[in-house]
Amino acid sequence: MEKASYFKIGVFIIVGTIIGVIGVVALGVGTIFQKKVLVETYIDESVQGLDVGSSVKFRGVQVGKVETISLTSVEYATKRRYVLVRIGLAPQVFLADAGSPSFVTEVDKGLRVRLASQGVTGAAYIEADYQDPARNPPLEIDWHPRYPYVPSTRSRITQLSESLEKILRSVESVDVGRLVDGLEKSLATITKVAEGANLEKIGGQANAFLTEVRDTNRQLKELIGSNEVKSALKDSAATASGARQIIERAQGPVNQMLTDLPRAAESLERMVKRLDSVSAELPDTSAQLRQTLQRLNRLIATQQQGIAATVENLQAISNDMKELTESSRKYPSQVLFGAPPTPSKVMPR
């Protein structure tokens, strides 16, 4: 019985070991034979807590692992003491293989990596994300990278520590003794002013002021509630209503006038066109008038003697008519019947 139990235990251990080996091989084969793309970055700070195999995450999603950690002076001929970190990325990350134009475009857009802390254990990992290229320029290098280069930025812990150091330096530069002396002098001055002030008198004046404010408030309430104010408000409402009616009545004529304005403008435009045409014809009319006057002057010049004789005849006829008129007035019978009879020679008695 005991031998059978040992046999079963041995078979169970052997089968479990075989299953475990098969599982490890099955899980590791995908990782071993999985194609990956190597990129490298340079970090100008301590990488304490970062180890080979640490995760590389893009916005919280694991996209690769840390392959090697070294110094730039070991890999390249340079005096710069940067930490060189090579990262293995999945080929489908960032649209294409590293080193292609599309990957370089992503770097130009602001793709950066930085050291991040994982909880309180002290372990660190690489965090990839897009940052402002102007505020996160690449580190200066004097060598040609063997693998595609992804610039790095300072970790949040380093940024926080640098900000705290700046604050501490500012605090150290403050003259605390002088500040305390100033505060003591200010407190002493305030104490003297408070001791010299007549607080009772100030309190009485404050009470009197409050009393006046209460009286003013009461009078204001009485004024608002008086019949005169109410009637004035009613009159104002009636006035506003009358003004509204006047505006409504005037709205129709104003609208009619606005409607007639385009027609009046058209009539005015036609009249202006007619005036323009008349003004255009004025030079021709004046030329014709000038020619007529010239002809009249020539006619008068050629017939001047005949006109003078005609005028003299007219004057003679006028004189004769005048004499005839005077004779008819004095001797109407002579005008009608001829000359008067000769006078009689009978002697007077």
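The values are calculated or read from the model by the stated rules, or taken from the named source; none is laboratory data. Keep in mind that this is a model prediction, so the values were computed, not measured. Glycine also receives a Cβ, built like all others from the backbone with ideal geometry; neighbour counts cover every protein chain displayed.
Per-residue answers, yes or no, for (1) surrounded by 10 or more Cβ atoms within 10 Å (Cβ to Cβ); (2) within 41 Å of the chain's Cα centre (by Cα):
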position	(1), (2)
Arg218	yes, no
Leu223	yes, no
Glu228	no, no
Ser231	yes, no
Asp235	yes, no
Thr239	yes, no
Glu248	no, yes
Leu258	no, yes
Pro262	no, yes
Checklist outcome for this item: With criteria (1) within 44 Å of the chain's Cα centre (by Cα); (2) surrounded by 10 or more Cβ atoms within 10 Å (Cβ to Cβ), Val171 comes up short on (2)
Checklist entry - Is one or more of the residues making up region 161-176 modelled with pLDDT of 80 or more, part of a loop (DSSP other than H, G, I, E, B), more than 20 Å from Val56 (Cβ to Cβ) and not basic (Lys, Arg)? => result no
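Could you check how many residues of region 119-130 are under 46 Å from the mean Cα position of the chain (by Cα), closer than 20 Å to Thr68 by Cβ and either outside the structural domain of Gln159 (by TED's automatic domain parsing) or of a type outside the set (Phe, Trp, Tyr) (or both)? Spell out how you get there, then give the answer.
So in region 119-130, the residues under 46 Å from the mean Cα position of the chain (by Cα) come out as 125-130.
Now restrict to residues that are closer than 20 Å to Thr68 by Cβ: 125-128.
Still in the list and also either outside the structural domain of Gln159 (by TED's automatic domain parsing) or of a type outside the set (Phe, Trp, Tyr) (or both): 126-128.
Selection size over region 119-130: 3.
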Checklist entry - Quick check: anything in region 87-103 at pLDDT below 85, out of contact with any Phe, Trp or Tyr (no Cβ under 8 Å at 6 or more places or on another chain) and assigned to a helix (DSSP H, G or I)? => result yes
Next on the checklist: Criterion first (at pLDDT below 85 and either touching a His at 6+ places or on another chain (Cβ under 6 Å) or farther than 20 Å from Val37 by Cα (or both)) does Thr121 satisfy it?
Outcome noted: yes
Item to check | Complete set of residues in region 74-90 that are touching a strand residue (DSSP E or B) at 6+ places or on another chain (Cβ under 6 Å) and of a type in the set (Lys, Arg) | outcome: Arg86
Next on the checklist: Can you find, within region 118-160, the residue that is surrounded by the most Cβ atoms within 10 Å (Cβ to Cβ) among those that are aromatic (Phe, Trp, Tyr) and in a loop (DSSP other than H, G, I, E, B)?
Outcome noted: Tyr147
Next on the checklist: Filter region 1-26 down to the residues that are surrounded by 10 or more Cβ atoms within 10 Å (Cβ to Cβ), modelled with pLDDT under 75 and among the hydrophobic types (A, V, I, L, M, F, W, C) and list them by number.
Outcome noted: Phe7, Val24, Val25
